[in-house]
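The values are calculated or read from the model by the stated rules, or taken from the named source; none is laboratory data. Computed from a prediction, not measured in an experiment: that's the story for all the values here. Cβ placement follows ideal geometry from the backbone for every residue including glycine, while neighbour counts extend to all protein chains displayed.
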Amino acid sequence: MSDSSGTQASRPTGLVHLASELFHRVEQIIYITLGTLLALTALLSLAGAAQMLWAGMLDWTGTDAVFQIMDRLLFVLMLIEILYTVRASVQTGALSSEPFLIVGLIACIRRILVISLETSNVTKPGHWGPESAELFRAAMIELGVLAGLVVVMVGAVVLLRRSRTAA
C-alpha cells in the first residue's frame, strides 16, 4: 500500500491491532485488581490505626502509641497516593512521576518518625553506652540522608509543577 508520495505507509495489521487491544485489556484488569487490593489494604491499615488510637487513648501517658499511629496513618496516606496513581494510569493510560515523588516524601517522613522513636530511648540518662552511641551515630547519618532526599524530592515536585504551568 502506498501513499501519494510513493512511500510505503505503515499500518498495523489486524493481528497487531488485536494483540494491542488484548494487552490493553489485560493491563486494565491488572490495574483494577491492584487498585482493589490497595484499597482493601488501606482500609485494613486505617482500621488498625483506629484500634491503636483507641488503645492509645486508654494509655495516654506514653508517646509510643502516638508514633505508631502516625506511622500507620502515613502508611495509609502512601497507599492512597499509590491508589491515585493507579486510578490516573487507568484513566489516562500514562504514568505521572509526581505521585511517586509524593509517596517517596511520605516514606521519608515515616522513616524519620521511626528513627525518632527508636533513638528517643537511647538519649535518656542511664541508657548511654558504646552500643547506643553507635546506634545514635548511624541514626543521625540516616536522618541526614533522609533530609537530603526530602529536599531533592520537594525540589523535583516544584520543578515538575513549574514546567507544567509553563507549558
Which one of Ala88, Ala133 is over 14 Å from the mean Cα position of the chain (by Cα), more than 24 Å from Ala42 (Cβ to Cβ), among the hydrophobic types (A, V, I, L, M, F, W, C) and assigned to a helix (DSSP H, G or I)? Ala133
Quick one: how many residues across the stretch 70-112 are buried (at least 16 other Cβ atoms within 10 Å of the Cβ), aliphatic (A, V, I, L, M) and either touching a residue at least 40 places away in the same chain (Cβ under 8 Å) or touching a Gly at 6+ places or on another chain (Cβ under 6 Å) (or both)? 9
Looking at Ser163, Ser120, Ser97 in this structure, which one is within 14 Å of the chain's Cα centre (by Cα) and of a type in the set (Ser, Thr, Tyr)? Ser97
Enumerate the pairs (first residue in the stretch 46-65 and part of a helix (DSSP H, G or I) and surrounded by 12 or more Cβ atoms within 10 Å (Cβ to Cβ); second residue anywhere and modelled with pLDDT under 85 and of a type in the set (Val, Ile, Thr)) with beta-carbon separation below 9 Å, excluding pairs fewer than 6 apart on the same chain, so at least 6 apart or on different chains. Gly56/Val66
